[in-house]
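The values are calculated or read from the model by the stated rules, or taken from the named source; none is laboratory data. Since the structure is predicted, the reported quantities are computational estimates derived from the model, not experimental observations. Don't worry about glycine lacking a Cβ; one is built from the backbone with ideal geometry, like all the others, and counts go over all protein chains shown. Heavy atoms of the whole protein, side chains included, go into the accessibility calculation; ligands, DNA and RNA do not. Shrake-Rupley method; radii C 1.70, N 1.55, O 1.52, S 1.80 Å.
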Amino acid sequence: MLTSLNLGDGQNIGTTNGKIALDCSVRTTRQGHVCISTTDFFFPLVDSPYLQGRIGAANVLSDLYAEGVGDCDFMLMLLAACRDMTEDDRNICTREMVRGFNDACLEAGTTVTGGQTVLNPWPVIGGVATTICSEGEYVKSDGAQVGDVVVLTKPLGTQVAVNVHEWRVRETPKWTELTKRNLISKEEAEDMMHAAVCSMARLNRHGGSLMVKHHAHAGTDVTGFGILGHAQNLMDNQAAAVGMEIHTLPCIANTAKIEQSGVFDFRLIKGYSAETSGGLMICMPEADALTYCKELNELDGEQSWIIGKVIADADRKANITADVKIIEVESKS
């Protein structure tokens, strides 16, 4: 749709032909440094405005971390206050969103230095994250090699969990069908939503900071296009003629069962269910991947998984194998 506009100047780093990047704009400054910047925003998918703000910040920062950096130098905040709320409700909601956003930024070791605020029908929060670094301090997005394995640092299924939560709260016909068929209990639905919120609110900072150390060749994060959509985008961006086979899908407990029930097709197992503030998906040598997962677990206390491999493929296709393994990831709390 936008091809005819000729956006960009072909000078982006780490992308095929210098085109507009996957997750971030990566540019060489006039002074010879590398400037990595990204922007994103988050609509209200959770009940708590504080958590909305925190997830919004984690979502913005995730794109930066997908470039193999662990530090954000500064953050601009993009804020939309809800014009349809009463003044008191708007003040409370907006303050809590900003508090959650700021707390996540402080945890990330960065600072909100400015931004922009508007009135909007929906309360929305996001930002612009920027890192200034040198060559060798980040991972270019186009270096995947045949024989690399693919690591995922968070489970899938946030879209399923959020929707089931909404069905339960509103007591919709879909929730009635799930309970009548004994597919899920109220407690299981609450656990599923809790796991999704914890995952979305968790920073990918450690995952990004370890990529250079463990010789990552390329990476992205899994968000709105689903795991297969982002895998395909990553393969389309590679310098080598490679593809990806995904053989394992780690999913938040019970989300795959909901998907397979036929109540609603989220396309989770097909690889196209949207994720919010999802995990990093990284191509790296297998030996490095094993030590990467071990060290990340020690830092975050959470699992990561080898979910696939990079193969030679002139067509540069990403696919999920017919015998894909589903891993049920139980919440720790």
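For every residue, the table says whether it meets (1) without any contact (Cβ under 8 Å) to a residue 40 or more places away in the chain; (2) in a loop (DSSP other than H, G, I, E, B); (3) open to solvent by 10 Å² or more (accessible area, probe 1.4 Å).
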position: 100; (1), (2), (3): no, no, no
position: 105; (1), (2), (3): no, no, no
position: 114; (1), (2), (3): yes, no, yes
position: 128; (1), (2), (3): no, no, yes
position: 146; (1), (2), (3): no, yes, yes
position: 166; (1), (2), (3): yes, no, yes
position: 176; (1), (2), (3): yes, no, yes
position: 188; (1), (2), (3): no, no, yes
position: 206; (1), (2), (3): no, no, yes
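State yes or no: is residue 48 open to solvent by 10 Å² or more (accessible area, probe 1.4 Å), closer than 18 Å to residue 201 by Cβ and among the polar types (S, T, N, Q)?
Yes: the conditions hold for residue 48.
Condition first: in contact (Cβ under 8 Å) with a residue 24 or more places away in the chain and not in a loop (DSSP other than H, G, I, E, B). Now tell me which residues in the range 79-89 satisfy that.
Selection gives 79, 80, 81, 82.
Considering (1) out of contact with any helix residue (DSSP H, G or I) (no Cβ under 9 Å at 6 or more places or on another chain); (2) crowded, with 19+ Cβ neighbours inside 10 Å; (3) not hydroxyl-bearing (Ser, Thr, Tyr), say which one residue 154 fails and leave the rest.
Among (1) out of contact with any helix residue (DSSP H, G or I) (no Cβ under 9 Å at 6 or more places or on another chain); (2) crowded, with 19+ Cβ neighbours inside 10 Å; (3) not hydroxyl-bearing (Ser, Thr, Tyr), the lone unmet condition for residue 154 is (1).
Any chance you could count how many residues in the range 213-261 are in a loop (DSSP other than H, G, I, E, B), aliphatic (A, V, I, L, M) and surrounded by fewer than 22 Cβ atoms within 10 Å (Cβ to Cβ)?
4
Scanning the range 16-36 for residues that are out of contact with any Asp or Glu (no Cβ under 6 Å at 6 or more places or on another chain) and buried (at least 20 other Cβ atoms within 10 Å of the Cβ), which turns out modelled with the lowest pLDDT?
Among those residues, the one meeting the criterion is 21.
If you take the residues in the range 262-287 that are over 17 Å from the mean Cα position of the chain (by Cα) and among the small types (Gly, Ala, Ser), which one is surrounded by the most Cβ atoms within 10 Å (Cβ to Cβ)?
Checked the range 262-287; the qualifying residue surrounded by the most Cβ atoms within 10 Å (Cβ to Cβ) is 287.
For a quick check of your reading of the model, give me the residue pairs whose first member lies in the range 287-316 and is of a type in the set (A, V, I, L, M), whose second is open to solvent by less than 60 Å² (accessible area, probe 1.4 Å) and in a helix (DSSP H, G or I), with beta-carbon atoms closer than 6 Å and at least 6 apart or on different chains.
296/207; 306/289
Mind counting the residues in the range 301-332 that are under 11 Å from residue 235 (Cβ atoms), basic (Lys, Arg) and either in contact with an Asp or Glu (Cβ under 9 Å, 6 or more places away or on another chain) or at pLDDT below 95 (or both)?
1
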